[in-house]
1. Work out the charge dipole of the range 181-227 with +1 on the Cβ of Lys and Arg and -1 on the Cβ of Asp and Glu about the Cα centre, then indicate which of TRP193, VAL215, VAL182 is farthest towards its positive end.
2. Given a cut-off of under 8 Å on Cα pairs at least six residues apart, what relative contact order in percent is computed for the range 250-402?
3. Could you derive backbone 3J(HN,Hα) for the range 51-63 from the dihedral phi with the Karplus parameters 6.51, -1.76 and 1.60 (θ = phi - 60°), listing whole Hz in sequence and x where the residue is Gly or Pro?
4. For the chain, take the longest principal axis of its alpha carbons; what is the angle in degrees between that and the long axis of helix 3-33, to the nearest 10 within 0 to 90?
5. Using amide H atoms built in the peptide plane, which far-off residues or other-chain residues are under 5 Å from ILE255 H to H?
6. Among ILE377, ASN394, LEU338, whose Cα projects farthest towards the positive end of the dipole of the range 283-402, with charges put on the beta-carbon of Lys, Arg (+1) and Asp, Glu (-1)?
7. Take the solvent-accessible surface of the protein heavy atoms, probe 1.4 Å, and return the percent of it on the chain that carbon and sulfur atoms account for.
8. In debye to the nearest 20, how big a dipole does the chain give about its Cα centre with +1 on each Lys and Arg Cβ and -1 on each Asp and Glu Cβ?
Amino acid sequence: MTTRDSLLAVLLAAAAVVAGCGAKDKKNVQAASKAPDPIAVTTAVARQTPIERSISVTGSLIADESITVSSEVAGRVINIRTDFGRSVRKGEILAELDRTEYQIQLDRTRAALNQSLARLGLKPGQENAPPSSTASMRQAQAQLEDARFKYESAQRLVKTGDIAQERFNELDKAYRARQAAVEATQDELRTMWANMESLKAEVRLSEKRLNDATVRAPFDGSIMQKHVSEGQYVKENTPLLTLVKSYPLRLRVEIPESASWSVKIGTPIRFTTDAAPGLEFQATVRELNPALDARSRSLTAEARLTGNDARLRPGMFVQVKLVTERASQAVMVPKQALYNIAGLTKLFAIRNGKAVEFRIAPGHDIDGWVEVPSDQIHEGDLIAVSNVPMLVNNAEVRANAK
């Protein structure tokens with residue numbers, strides 16, 4: 001083979017290789033330009049459902065009443081009839097002080113009262129109606145009648161000259177003196193009656209002091225703290241015991257400013273506590289602060305529990321569920337439609353055979369259905385619930401109803 005023939009063979013071989021590569025590249029381009037197959041997805045229909053909207057806040061249980069029981073009189077404690085943690089009934093004796101001194105004071109004031117009644121000519125039990133007269137008044141009245149008789153006789157005799165004018169003047173002065181004496185006894189009666197009324201008040205005060213030496217429970221409750229012991233001398237208003245009334249319990253809660261409009265007198269609320277896991281309790285709002293707290297911008301509300309439960313105690317921390325709207329219309333989609341990635345929540349609506357991506361903030365979760373923004377998803381929209389991670393915006397899909 002000549003050199004010319006060899007060169008021709010090489011060129012022909014190169015042309016064949018180039019022709020083969022061109023055909024292969026053409027096939028690759030055609031394969032790349034072919035559209036991908038639609039993604040098969042199962043769909044569900046977004047539906048509109050009335051839901052109950054609520055917020056969660058924290059609160060505390062407090063006693064209905066809590067007081068420090070003290071003695072109104074001073075004395076030595078001779079008996080304490082209850083102790084820490086015990087339940088007591090209204091009127092039950094809690095503590096007793098030595099009554100000896102107060103009994104003596106009462107006996108003394110009663111004796112003074114009886115003495116005052118004797119001066120008035122009355123007996124014990126007759127102190128409610130003043131007497132019409134006393135012995136001194138009757139004596140003064142008799143002397144006045146005698147002086148009046150002598151004065152009237154002398155008045156006739158002085159005109160006839162049977163007695164001297166000087167004698168008549170003496171009898172006139174004696175008559176006027178007797179009149180003044182009667183008026184003095186009337187004033188004395190009023191004074192003695194007023195003194196008797198003062199002694200009656202002293203008797204009532206002594207009786208009260210004697211009764212105050214016995215300390216009683218002002219309401220049904222439980223002893224929270226014991227402050228003194230038997231034998232201890234206490235002054236007036238010294239704390240003896242701390243009494244709490246645990247039923248009905250109060251629930252105090254701070255409502256955020258944004259939800260304060262939804263709370264009114266009579267609003268029912270629900271709450272839970274770690275002390276009774278899995279249980280929910282009821283309460284009803286009874287009091288509202290007329291103004292919001294200037295620092296926290298919150299409204300203080302107090303509710304009363306609707307039932308008595310021994311597991312609930314004053315001081316407990318509770319989680320409160322406050323309903324703000326009872327029949328709010330919400331668009332709901334199945335929970336399977338949501339896809340979380342990198343902190344974002346997505347779902348895909350199927351429109352015109354394509355997947356349309358929505359980034360949403362999910363709301364309430366009720367029985368496997370999740371609330372979605374009604375301005376993005378509407379009632380009746382088809383929502384992809386399968387192969388969601390495979391979808392992208394505007395991807396073609398083949399939808400099958402669920």
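1. VAL215
2. Computed over the range 250-402, the figure is 19 percent.
3. Per residue, the Karplus-derived 3J(HN,Hα) values read 10, 9, 8, 8, 10, 10, 9, 9, x, 9, 8, 10, 5 Hz.
4. 30
5. Placed amide hydrogens put LEU299, THR300, ALA301 under 5 Å from ILE255.
6. Going by the charge dipole, the pick is LEU338.
7. 51
8. 780
The values are calculated or read from the model by the stated rules, or taken from the named source; none is laboratory data. Everything quoted here is computed from the prediction, not taken from an experiment. Here Cβ is always computed from backbone atoms with ideal geometry, including for glycine, and neighbour counts include all displayed protein chains. Heavy atoms of the whole protein, side chains included, go into the accessibility calculation; ligands, DNA and RNA do not. Shrake-Rupley method; radii C 1.70, N 1.55, O 1.52, S 1.80 Å.
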